[in-house]
């Protein structure tokens with residue numbers, strides 16, 4: 001079959017994508033989409049971990065602040081104690097020893113006091129207060145020093 005010269009020229013000059021090129025482009029786009037989905041999953045997981053650590057840290061800081069605000073004559077400051085459950089951590093329930101943080105879990109805190117002597121490495125007239133907050137799969141320990149003079 002004879003083609004007109006215009007038609008033959010037109011067929012050879014067509015620009016476009018072949019089926020193979022389109023398939024390669026689709027595979028590359030699919031890989032890119034899965035990478036972005038994986039990034040989202042990691043970001044959500046990391047956000048949950050950060051939320052849990054922030055909650056535990058906030059609770060530990062609250063308990064330490066409460067202990068630091070006690071009068072120097074308070075027995076909680078002037079006696080050695082180990083792993084005493086902290087109370088007054090839930091404003092809605094003053095007798096509670098744990099608090100539930102929505103989206104983060106249930107947290108509790110304990111404190112240990114060490115009255116300074118020359119034998120234990122804490123200076124005299126100072127009490128070392130160590131607070132440990134646990135919950136949501138996380139544990140945070142902080143300490144502070146209170147003068148008892």
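For this structure, a couple of remarks:
- Förster radius 30 Å - calculated FRET efficiency between residue 97 and residue 50 (Cβ-Cβ, nearest 0.05): 0.75
- In plain terms, the residue of 76, 128 with the fewest other Cβ atoms within 10 Å comes first and the most crowded comes last, giving 76, 128.
- Per residue of the chain, the DSSP helices (runs of n ≥ 4 H) give a summed -39500 (n - 2.57) that works out to -14500 deg cm²/dmol at 222 nm.
- Gaussian network model of the chain, Cα within-10 Å springs - most flexible of 134, 79, 106: 79
- Evaluated at q = 0.13, 0.19 Å⁻¹: base-10 log I(q)/I(0), Debye formula over Cα of the chain: -0.73, -1.08
- Length-normalised contact order for the chain - Cα pairs under 8 Å, 6+ apart - percent: 21 percent
- Residue among 33, 131, 63 with the largest mean-square fluctuation in a Gaussian network model of the chain, springs linking Cα atoms under 10 Å: 33
- Kirkwood-type hydrodynamic radius, region 38-103: 14.2 Å, calculated from all non-identical alpha-carbon pairs.
- The ranking of 68, 29 by Cβ neighbour count inside 10 Å, starting from the fewest, reads 29, 68.
- Top of 46, 54, 118 by mean-square fluctuation, Gaussian network on the chain, Cα under 10 Å: 118
- Every pair of different Cα atoms in region 80-149 enters the Kirkwood calculation, which places the hydrodynamic radius at 13.3 Å.
Bear in mind these aren't lab numbers, they're just calculated from the coordinates by the rules spelled out. If you're wondering where the values come from, they're calculated on a predicted model, not measured in any experiment. Every residue, glycine as well, gets a Cβ built from its backbone with ideal geometry; the counts of neighbours run over all protein chains shown.
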